[in-house]
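Right, one structure below, let's go through it.
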Amino acid sequence: MLLGHGAGGGITAPDLLKVASIAQSLGMAVGLVEQPYRVAARRPPAPAPQLDLAFLAVAAAARKALARKGISGIPVILGGRSSGGRVACRTAHLAGASGVLALAFPLQPPTRATGHVPPSRLPELLGAGVPVLVVQGERDPFGSDAELVREIGLSPAADVTVTTAPGADHSLRKGIDAGKVSAWLARFLP
């Protein structure tokens, strides 16, 4: 499993570490992917194509490292929180991933005082082309669990499961159901 961070945070985000721990408890190897703009201490985040290329490079390097150890053909799960989840969805097919785990998927940035409503990011989520688990806070200003379920319901062909983090906002500091995450990840284990 490879997990990427959000636009404003790093790989030590509590929700990333919790999911990494859940995956490791199932015997999965986990890599936390820090984007080059964070390594270089730059802000704001790099444009989406650069984020995607960096994530794909890490996925390819991980597969090569496993191949050198004689390990091949195992499922690779991509994931991340917020922006990292978007990157995982956009790159899943190219990386040969078996699934995506998205934490606090940012369906839409909160409406600004200008009244301008930015476009939905739902096409990225639906375009993953692999099973997706979204852990979404019920009070997430980027799109609550209920908003996400309603939007996904308009595209029933998608293999997207949403699990609610009760009382949680975009940070997902509480409410991640370890049992549900474990059960979803277990479907990829041999």
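The values are calculated or read from the model by the stated rules, or taken from the named source; none is laboratory data. These figures come from a predicted structure and were not determined experimentally. Note that we place each Cβ from the backbone using ideal geometry, even for glycine, and neighbour counts take in every protein chain shown. Calculation scope for accessible area: heavy atoms of the full protein, side chains included, ligands and nucleic acids excluded. Shrake-Rupley method; radii C 1.70, N 1.55, O 1.52, S 1.80 Å.
The figures follow:
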{"item": "Of all residues making up the range 63-96, the number that are open to solvent by 10 Å² or more (accessible area, probe 1.4 Å) and hydrophobic (A, V, I, L, M, F, W, C)", "result": "8"}
{"item": "Residues that are assigned to a loop (DSSP other than H, G, I, E, B), of a type in the set (A, V, I, L, M, F, W, C) and farther than 27 Å from residue 76 by Cβ, drawn from the range 131-167", "result": "154"}
{"item": "Tabulated pairs, the range 58-70, first without any contact (Cβ under 8 Å) to a residue 12 or more places away in the chain and farther than 22 Å from residue 34 by Cβ, second among the basic types (Lys, Arg) and open to solvent by 50 Å² or more (accessible area, probe 1.4 Å), C-beta under 9 angstrom, 6+ apart or interchain", "result": "none"}
{"item": "Condition met for residue 123 (at pLDDT below 90 and either surrounded by 14 or more Cβ atoms within 10 Å (Cβ to Cβ) or within 16 Å of residue 86 (Cα to Cα) (or both))", "result": "no"}
{"item": "Residue 60 being assigned to a helix (DSSP H, G or I), buried (at least 20 other Cβ atoms within 10 Å of the Cβ) and on the phi < 0 side of the Ramachandran plot", "result": "no"}
{"item": "Some residue of the range 37-48 being surrounded by 15 or more Cβ atoms within 10 Å (Cβ to Cβ) and closer than 25 Å to residue 161 by Cα", "result": "no"}
{"item": "The range 97-120, residues that are surrounded by fewer than 19 Cβ atoms within 10 Å (Cβ to Cβ) and at pLDDT 95 or above", "result": "98"}
{"item": "Selection count where residues are more than 21 Å from residue 90 (Cα to Cα) and part of a loop (DSSP other than H, G, I, E, B), scope the range 1-40", "result": "7"}
